[in-house]
Each structure stands twice: as C-alpha cells, then as structure tokens.
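Visitor: One structure, as structure tokens, below. Some questions next.
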Amino acid sequence: MLWVVIACLPGLLAQTVFFGWGNVINVIWCIALALGAEAAILRMRDKPVGFFLRDNTAAVTGLLLGLALPPLLPWWVSAIAVFSAIIMAKQLYGGLGSNPFNPAMVGYALVLISFPVAMTTNWAVPGGLGNGAPGVLDTLAAIFSGQQTAVDAYTMATPLDVYKHDIGARIAAEVRQHPSFGNGIAKGWEWVNLAFLAGGIGLIYLRIISWHIPVSFVAALALMSLAFGSNPDQYAPLSLHLLAGGTMLGAFFIATDPVSAATSHQGKLIYGAGIGILIYLIRTWGSYPDAVAFAVLLMNFAVPFIDHYTPPRTYGHKKPKRGIAPRT
Amino acid sequence: MTQIWDFPGGIHPLENKHQSTARPLQFAGLPERLVLPLQQHIGSPAETRVMPGDKVLKGECLADAIGTLGVPLHAPTSGTVEAIEKHPVPHPSGLLDWCIALIPDGAETWAELTPLSDYKQRGREEVLAHIRDCGIVGLGGAGFPTNIKLHPPKPDKVNTLVLNGAECEPYITADDTLMREKADEIIAGMGVMAWLLEPERCVIGVEDNKPDAIHALKAATGDTRIEVVTVPTKYPSGGEKQLIQILTGLEVPHGGIPADIGVMCQNVGTAVAVSRAVHRGEPLISRITTVTGQALGQPGNFEVLLGTPVRHVLARAQLDETRLERLVLGGPMMGYTLQADSVPVVKTTNCVIAAAPGELDEPPPEQPCIRCGACAEACPMELLPQQLFWHARAGEFDKAEHLNLFDCIECGACSYVCPSSIPLVQYYRFAKGEIRSHRSEQLKSDQARQRFEARQARLEMEQAEKEARRQERAKAAARAKSEKADAPEDKPTKPSDKTRPGPATAVEAALARKKHNQTGSGP
C-alpha cells in the first residue's frame, strides 16, 4: 500500500504545479479524516485499531479522494466524501475486504450528485505556481473559511466540461479557444494524466498491480472514442478522453482496487473494459462531463457476476465450472 | 533434449538446501529404543505377530499386513520386543497410536533374507507379493503401498514410468543425497519397476538446482534407455500431478489416477527400496532423512532406522536446545510443527527442521482478504483459493466443493504468497474434513434409514399377510354361518372345526348346498 502512495506522488506533484496547493491540502485533509473515521469506527466495532490502521488502506482511500476532488473544494464537502467513503462504503459493509463498492468512488459520487456546483467549479485555473495562482495561505482560506472571493478569479470549469457544453454550438477549433485548453491537449491535465500513467506503470513494473485492468480500461475507452467519436467537431477527441479528467488516475489507481474488482485475469479484462466503455458512454451521452466514479461503481455491481462466469479451468478438468453452485 | 512443459502458478521460496548438503550421508546410529508405529502407510494398520519379551533379528517381520492396502512391518535391528503400547506418532495433533517398542541388542544380526535376484524368471504377482512382504510404501510422502501402485487396474497400460527426484520443497535434500550417493540402486530399482510395467519410456525428473545428482544419475544410467530430465526449479514441481505435467504435458483427469493417462510416478527412494528388496531381500527398515535448521550444529542427511526417535537424530546433528524455537516435521511448505521430539522417524519422514528464532517463525496474524488474487496466480492446480477460502470460512462447503476443493493438493503456494498472511491451506483441510465427516454421517444415516425402511416394509408385509389370513378366516366363517342359517339342523361344517363332520354328513351337506343353490338361482 505504501508503494501506491509513492506512485501517486508524481501525479500530485503535477497537480500542484498546474493547479496550485489545493490538492496537497486536500490530500492531507482527506487522509487525516480517513484515518480518524477509520479509527473511530474500528473502536466502536471492538477491532484492534492500530492493527487495521497499519494496513494503510484508509490512508489510500483518503489520498485518492484528495487527488480526485477539485483543489479548491470547501473542507466540509471533502469531509462528507471521506466520511461516506470510510464509514458507509467500507466499515458498515464489514471493513477491509468486505466492501462491494470502491469506497473512494462512493464518497466521490455522493458529493458529485449532492453538490454539483461545488464539484464542477472549484478547479483552479491551470496557471501554475507563481503565476498569479493563490498561495498556500489563500488556498487554505478558500478551502477552510469559505473566502471563495479571494480565489474566485482563479477557478474555472474543466476541459472535459467545456468541450461537452460548447461543442454542440461550435466547432472544435472554437471550443479550444477556452483558456482551460491552453496550447496542448488540455492545459495541465495532460501532464497530470501522464504523471499518473508513469506512476501506474511503476506499480505494474513492481507487480503491485497487474496490467489487466488498466490496459483493458484505457483500450476500451480509446476504441469507443475511435469507433463513435472520430469527428472532433461533434465529440471530444481521443486525446482529450485519455489525457483529461480522471482517466489515468482511474485506470491505474482506482479501478485496480482489488477488493471491489474482478479477480481472474479474464474477469479483470472484462471489468476494466466495462469501465472504459461506461466512461465513454456517460461522458458522451450522459449529463456528467467525467464519469470515472460512476463507471467504476457500475462495474462494481457486475463483479460477482463476472467472477462467477470467468473461473479458470482446474487441472484435470475438461472445462471450467461456470455459474453458481447448483442447489443440493 | 527432451521436451518439457510448464505448469501454471508455482512459487520460488528460498531454497535453504545448502545447509544439509555440506556433509556426506551418515548413519544416525542405534538409539536406545526404537518405536515402530503399526501404521506408517495408507491402509489398515499391520497386525502384530510378536509378544513383549520376544527376541527378534534384524529384518524379521514384526507385524503382518492386513487387508488389500496393508503392508507388514519389520525389525530395523536385532533386539528384544519391550512392549506393544500407545505412543505419540508423527501427526500434527500429537496423536497416540499403537507401536511396537524394540530394545536393540547392538549385534545387528540379520534374519535370513530371501532375495529375488532372478525376478525376471518369476511371475509378476510373485514379485509384487515380495515387494509387499518387504513392507515397501511410497517414500515421497503419502506412504501408499508400492505393490498396489505397481499393479494398476486393468485396462490401464503404463506407457511412461516417471521417477520423481524433483524434491522441490525448501530445506529437504534427502532425495538429492540419495541420487548423489545411490544412483546405481535407483537405476536398479527402476529396472525392476520397468520389468513389471513394460513402459515405453522411463524418465527421471530432477530440478536443476541439483546438478551433482543429475550428473550421478546420468553416469549411472549408462546405456540404458532411461532419460534423466532436468526440470526448472519451481515449487511444487515435485507434486506428482505437476511433475507428470512437466514431463508429459498431460493432466491426470479429475478423480482419476496417473495410470489413466498411461503414466506412473514413483519416488526415487521407493526405487531404492524396491531394488534392495528384490536384489538383496532386505525389507524396508531405514530411510534417508534430512535433519536441518539453524538450531543444529551439524545439519545433514542421515540414514535413519525406522522407529528412531526424532530426539536421537537431533542429538546426532548437534542440537543446541537453547536455540530451538520450533520443530517442524517435513518441509516448511507442507510440514507441520511437531508437538514432541519423542515421535519416531517413520517410512514417510523425509525431513526434520530444528528452526532457530527468526528462521521459520509462525506467520503474522491473519488480516482480511483483499481479493488481490495472488493466490489464484500461484495455484498450480488453477483453483480459486480465495473463493474456496470464503466458502470454507462461511461453512458453505457445497459451494467450496463445486469450486473443486478436492483437487487442492495442499501445496501451500497460496498461503505463501498471501499478502494478508491467511493460512489458506488450513481452511481447505478443515473444509475437506467437514465434508468427509458429513459424508460418512450421511452414509451412516442412509444405511440406518434403509435398515429402518426394510424393517418397516417387512413388518407391513407380515401385517398384510396376517390381515389376508384373518380376512380369509372371516370369509370362511361368514360362509359357514350363512350355511348354518340355511340348514339349521346341520352340524357346523367349518373344516377347522374340532367336531369335523364325517363323510356322510358332508355328503348330505353338499347335497343340501346344491339344492339350495339350484332353488336360489332358478327362474
């Protein structure tokens, strides 16, 4: 689990460089809340607190939320996300290993639905540190005291959001005039995604995660984009799908949560591909600009089904035993 | 180069084999007292034929084979039978079982031996019976009677005879030592087996971490057609099913035996035992056991007389009691912690590990399963260890069985890789035990129900017969009554009546009946 934290650092660094101190503060805040909530519930459940906190899973849930939530999100929205992740999605289901849904994504989806304005307008202008972006104190003030005015000038919608809303009325070249795109694919976002991609490849190299879910996830998303959205004047282009929003964070750090993912290699391929397809469907024809959380949660529902139908063939058997054990 | 195949999964634990291979094979010596369990094999325990106080010679039969799967037991040395008693035997629970205790006289006087050097002139059945009479069982671990295994059920024909010298488990070097030092006897034993089975191919599989053994075997095979095949070191390549897969690419079918696919696998130690039995007439009275671990001053491989207490061999290997943390019988993967050092070395004891602190510590406390799937990737049988674990823990044994629980070979690769330190194999053993005891209970209750139903049916039948007879009697009585009413002057005509009518009255009665019938039925 510690390696997962380390592998996130390049992404966090890129976020900080392009979006300011918000994500760092979010990460620290969310980890602290996650550990506190985990400890409190473990104590209520009469479980050994230290033993379970040392597995670092609560910290990773907090970390992932801190990375995924908008950098200038008010503190109480983050707190609601963390509490619903740790308390409802994880501990009420029986704690580590027993949760059918990815805790971080439950928290994320809950606040996304409940506070859509806060969740979509608090992304900082990707100007970068020292480029007129708010400093640590201003960011802290924005997050914790609600002095949003100080930073209002520095927040804007995400590139995926802009593209989705503007492409109906304009052509791609016009949409790309929006400052959130910059000169690249999606200003800042492409570096953040590449940094998460690098960290994820590191995890695969260290054999901490297997390649199956990230590869099928990204491949399915790319294939969907090539098959249905090849016209950039109508749909967001492939580059934007892969390198904007939460794609790489989702593919390498969120969808790979083993507890809520499918288990066999074949199952993981199906699970990852399902997420990629759902992300494309929701981003393109749904009402949300990004969709990692919803796609992951929907595929979490499908995991028991996938697992029952993708067992390996046991040595000495002619074919795998698919489906559920017949009632005797 | 012979073609070999890979098997799925597997692990590469630290080998820790060099500690015990530094010294040549030594004789463990005569202990003060030998303790010989009557059951050292799969099958019925042997039946003792000696009494306390009897003097026995080395190699003399102490207990006879019982049943098809039985093998006899022989005196490992000459001496006096001291007692026949219950004594701790090698078992995870520290179980007590019946044993013959023997006090050696130190003379090592052999009983008269009957070799079968001319076995090629004898019948197969005679050679197999000789192998049984020499008490030979599989020395690889299971202890299955060798004569039964060498006689596969009919239409199976063994095309490939495999000798297992893989010895994949860490720490153990008993087979390695045997191959290095007794390669000729291995080849001789394989010759006897090959004569019995007439296979087309004879292969010895050895892991590539034993170059000396491979060299010795290759030298010993000479111009025979026995292939010595080097297989990559990967645990559990020495599992029977895995070695067959590596050497032939075939899988033993579920619920079947290797002979079903024309393969037979025997341990190299078993081959030596067969060779000694046939060529010298010696029964199985000793074996090579690896005695290793950091708590020993001089770890190594020992030729140990069966029945020698573990304590004795540990002393021979210079055990430092102060450093002893844990005593393990067998290897670190499939062995178990020994409760007492008084248990004897038996036919299947391949290794004793005297572990120092920090060497083979008990695993850290179990954490929740995070469904990572590492176990499934390590499983050589391609099971779903994680799902088996869930079902075993939840008591859903039917579901565990549906997921092929009984194909688990308990190699422990899953527990080895588990990041949550879950002792998975223990859950599977528990589930298997529960299912077996449930089945035997089911069988018992089925039999009881059948007995009850049979009794019920018999009683009902008797009741029905009784009822039929009663109705018969009632009908007859009614008939007699009606006749009586028709002819009140007549005497009762019931045949069972004590006042049985004479012939004359009977005729009259018959006539009266006829008359009555005619009048009754007339128009």
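Visitor: Of the residues that sit in the stretch A:277-306 and are hydroxyl-bearing (Ser, Thr, Tyr) and either within 12 Å of chain B (Cβ to nearest Cβ) or assigned to a helix (DSSP H, G or I) (or both), which one is farthest from B:Val263 (Cα to Cα)? Even if it seems obvious, please write down each step before you answer.
Guide: Our first condition is that a residue be hydroxyl-bearing (Ser, Thr, Tyr); within the stretch A:277-306, this holds for A:280, A:284, A:287-288.
Imposing the further condition that a residue be either within 12 Å of chain B (Cβ to nearest Cβ) or assigned to a helix (DSSP H, G or I) (or both) reduces the set to A:280, A:284.
Working: A:Tyr280: 53, A:Thr284: 59 Å.
So, considering only residues that are hydroxyl-bearing (Ser, Thr, Tyr) and either within 12 Å of chain B (Cβ to nearest Cβ) or assigned to a helix (DSSP H, G or I) (or both), the one farthest from B:Val263 (Cα to Cα) is A:Thr284.
Residue-by-condition table, conditions (1) outside any loop (DSSP other than H, G, I, E, B); (2) in contact (Cβ under 8 Å) with a residue 60 or more places away in the chain; (3) open to solvent by 80 Å² or more (accessible area, probe 1.4 Å); (4) of a type in the set (Lys, Arg):
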position	(1), (2), (3), (4)
B:Phe7	no, yes, no, no
B:Pro13	no, yes, no, no
B:Asn16	no, yes, no, no
B:Ser20	yes, yes, no, no
B:Pro31	no, yes, no, no
B:Ile42	no, yes, no, no
B:Pro45	no, no, no, no
B:Gly53	no, no, no, no
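Visitor: Report whether or not B:Pro344 is of a type outside the set (Lys, Arg), open to solvent by 30 Å² or more (accessible area, probe 1.4 Å) and more than 14 Å from chain A (Cβ to nearest Cβ). Working first, answer last.
Guide: Values: of a type outside the set (Lys, Arg): yes; open to solvent by 30 Å² or more (accessible area, probe 1.4 Å): no; more than 14 Å from chain A (Cβ to nearest Cβ): yes.
It is false that B:Pro344 is of a type outside the set (Lys, Arg), open to solvent by 30 Å² or more (accessible area, probe 1.4 Å) and more than 14 Å from chain A (Cβ to nearest Cβ).
Visitor: Scan (1) open to solvent by 20 Å² or more (accessible area, probe 1.4 Å); (2) in a loop (DSSP other than H, G, I, E, B) for the single condition A:Ala186 breaks and write down its number.
Guide: Result: A:Ala186 fails condition (1) only.
Visitor: Listed residues A:Tyr271, A:Tyr309; which is surrounded by fewer than 17 Cβ atoms within 10 Å (Cβ to Cβ) and either aromatic (Phe, Trp, Tyr) or away from chain B (no Cβ under 12 Å) (or both)? Break it down stepwise before answering.
Guide: Values: A:Tyr271 fails: surrounded by fewer than 17 Cβ atoms within 10 Å (Cβ to Cβ).
Within the list A:Tyr271, A:Tyr309, the selection yields A:Tyr309.
Visitor: Let me ask something else about it. Would you mention how many residues in the stretch B:57-69 are open to solvent by 50 Å² or more (accessible area, probe 1.4 Å) and either in contact with a His (Cβ under 9 Å, 6 or more places away or on another chain) or of a type in the set (Gly, Ala, Ser) (or both)? Explain how you work it out, then say what you get.
Guide: Going residue by residue through the stretch B:57-69, those that are open to solvent by 50 Å² or more (accessible area, probe 1.4 Å) are B:57, B:60, B:64, B:66, B:68-69.
Filter once more, so that each one left must be either in contact with a His (Cβ under 9 Å, 6 or more places away or on another chain) or of a type in the set (Gly, Ala, Ser) (or both): B:60, B:69.
Total satisfying the criteria: 2.
Visitor: Give all pairs with beta carbons closer than 8 Å in which a residue from the stretch A:162-173 that is in contact (Cβ under 8 Å) with a residue 24 or more places away in the chain and part of a helix (DSSP H, G or I) meets a residue that is loosely packed, with under 14 Cβ neighbours inside 10 Å and not basic (Lys, Arg); count only pairs at least 6 apart in sequence or on separate chains.
Guide: What qualifies is A:Ala172/A:Asp233.
Visitor: Of the numbered conditions (1) touching a residue at least 12 places away in the same chain (Cβ under 8 Å); (2) more than 10 Å from chain A (Cβ to nearest Cβ); (3) in a helix (DSSP H, G or I), B:Gln426 fails exactly one; give the number of that condition.
Guide: The number of the failed condition is (1).
Visitor: Conditions first: (1) part of a helix (DSSP H, G or I); (2) without any contact (Cβ under 8 Å) to a residue 24 or more places away in the chain. A:Lys319 passes all but one, so which condition is the exception?
Guide: (1)
Yes/no matrix, rows are residues, columns are (1) within 13 Å of another protein chain (Cβ to nearest Cβ); (2) of a type in the set (Ser, Thr, Tyr):
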position: A:Ile31; (1), (2): no, no
position: A:Pro48; (1), (2): yes, no
position: A:Phe51; (1), (2): yes, no
position: A:Leu65; (1), (2): no, no
position: A:Ala68; (1), (2): no, no
position: A:Tyr93; (1), (2): yes, yes
position: A:Pro100; (1), (2): yes, no
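Visitor: Restricting to the stretch A:14-24, name every residue that is closer than 20 Å to A:Ser78 by Cα and open to solvent by 20 Å² or more (accessible area, probe 1.4 Å).
Guide: As a first pass, look at the stretch A:14-24 and keep what is closer than 20 Å to A:Ser78 by Cα: A:15-16, A:19-24.
Answer for the stretch A:14-24, where residues must be closer than 20 Å to A:Ser78 by Cα and open to solvent by 20 Å² or more (accessible area, probe 1.4 Å): A:Trp21, A:Val24.
Visitor: Quick check: is even one residue across the stretch A:34-42 more than 14 Å from chain B (Cβ to nearest Cβ), within 21 Å of the chain's Cα centre (by Cα), modelled with pLDDT under 95 and over 21 Å from A:Gly245 (Cβ atoms)?
Guide: no
Visitor: Show me the strands (runs of 3 or more DSSP E) entirely contained within the stretch B:268-333 in which 2 or more residues are open to solvent by 10 Å² or more (accessible area, probe 1.4 Å). Can you show your working first?
Guide: On the way: elements: B:286-292, B:300-305, B:326-329.
Ranges flagged: B:286-292, B:326-329.
Visitor: Any residue at all in the stretch A:21-30 that's closer than 17 Å to A:Ile87 by Cβ and in contact (Cβ under 8 Å) with a residue 40 or more places away in the chain?
Guide: Of the stretch A:21-30, the ones closer than 17 Å to A:Ile87 by Cβ are A:29-30.
Checking the rest, the ones that are also in contact (Cβ under 8 Å) with a residue 40 or more places away in the chain come to A:29-30.
Yes.
Visitor: Check whether at least one residue in the stretch B:404-416 is open to solvent by less than 40 Å² (accessible area, probe 1.4 Å), polar (S, T, N, Q), over 26 Å from the mean Cα position of the chain (by Cα) and within 14 Å of chain A (Cβ to nearest Cβ), and report yes or no.
Guide: Checked against the condition, which is being open to solvent by less than 40 Å² (accessible area, probe 1.4 Å), polar (S, T, N, Q), over 26 Å from the mean Cα position of the chain (by Cα) and within 14 Å of chain A (Cβ to nearest Cβ), the stretch B:404-416 yields no hits at all.
Visitor: Residues being hydrophobic (A, V, I, L, M, F, W, C) and assigned to a strand (DSSP E or B): count how many of those fall in the stretch B:189-206. Quick ask: steps written out before the conclusion?
Guide: Step one: list which residues in the stretch B:189-206 are hydrophobic (A, V, I, L, M, F, W, C), which gives B:190, B:192-197, B:202-204, B:206.
If we keep only those that are assigned to a strand (DSSP E or B) too, we end up with B:202-204, B:206.
Total satisfying the criteria: 4.
Visitor: When you go through B:Leu247, B:Leu243 one by one, which is the residue that is among the hydrophobic types (A, V, I, L, M, F, W, C) and away from chain A (no Cβ under 14 Å)?
Guide: Among B:Leu247, B:Leu243, only B:Leu247 is among the hydrophobic types (A, V, I, L, M, F, W, C) and away from chain A (no Cβ under 14 Å).
Visitor: Let me ask something else. State yes or no: is A:Ala251 modelled with pLDDT of 95 or more and part of a helix (DSSP H, G or I)?
Guide: Working: modelled with pLDDT of 95 or more: yes; part of a helix (DSSP H, G or I): yes.
So A:Ala251 passes the test.
Visitor: More than 15 Å from A:Gly11 (Cβ to Cβ), part of a helix (DSSP H, G or I) and among the hydrophobic types (A, V, I, L, M, F, W, C): is that true of A:Leu194 in this structure? Spell out how you get there, then give the answer.
Guide: Details: more than 15 Å from A:Gly11 (Cβ to Cβ): no; part of a helix (DSSP H, G or I): yes; among the hydrophobic types (A, V, I, L, M, F, W, C): yes.
It is false that A:Leu194 is more than 15 Å from A:Gly11 (Cβ to Cβ), part of a helix (DSSP H, G or I) and among the hydrophobic types (A, V, I, L, M, F, W, C).
Visitor: Among A:Ala195, A:Ala236, which is the only one that is surrounded by 19 or more Cβ atoms within 10 Å (Cβ to Cβ), within 18 Å of A:Tyr280 (Cβ to Cβ) and in contact (Cβ under 8 Å) with a residue 60 or more places away in the chain? Before the answer, list the steps.
Guide: Working: A:Ala195 fails: within 18 Å of A:Tyr280 (Cβ to Cβ).
After ruling out the rest, the residue left standing is A:Ala236.
Visitor: Against the condition more than 14 Å from every other protein chain (Cβ to nearest Cβ), part of a helix (DSSP H, G or I) and over 25 Å from A:Gly316 (Cα atoms), how does B:Glu434 come out, does it pass? If you could, list the steps in order and put the result at the bottom.
Guide: Values: more than 14 Å from every other protein chain (Cβ to nearest Cβ): yes; part of a helix (DSSP H, G or I): yes; over 25 Å from A:Gly316 (Cα atoms): no.
The answer is no for B:Glu434.
Visitor: Next up: Please count how many residues of the stretch B:260-276 are closer than 24 Å to B:Glu126 by Cα and within 14 Å of chain A (Cβ to nearest Cβ). Working first, answer last.
Guide: We begin by selecting, within the stretch B:260-276, every residue closer than 24 Å to B:Glu126 by Cα; these are B:262-276.
Now narrow it down to the ones that are within 14 Å of chain A (Cβ to nearest Cβ): B:263.
Total satisfying the criteria: 1.
Visitor: Assuming A:Gly245 fulfils every condition listed in (1) in a helix (DSSP H, G or I); (2) under 14 Å from A:Asp161 (Cα atoms) apart from one, which condition is it?
Guide: Among (1) in a helix (DSSP H, G or I); (2) under 14 Å from A:Asp161 (Cα atoms), A:Gly245 violates only (1).
The values are calculated or read from the model by the stated rules, or taken from the named source; none is laboratory data. Here the structure is a predicted model, which is why all the values come from computation and not from measurement. Cβ: placed from backbone, ideal geometry, glycine included. Neighbour counts: every protein chain shown. Quick note on the areas: whole protein, heavy atoms, side chains included, nothing else; ligands and nucleic acids left out. Shrake-Rupley method; radii C 1.70, N 1.55, O 1.52, S 1.80 Å.
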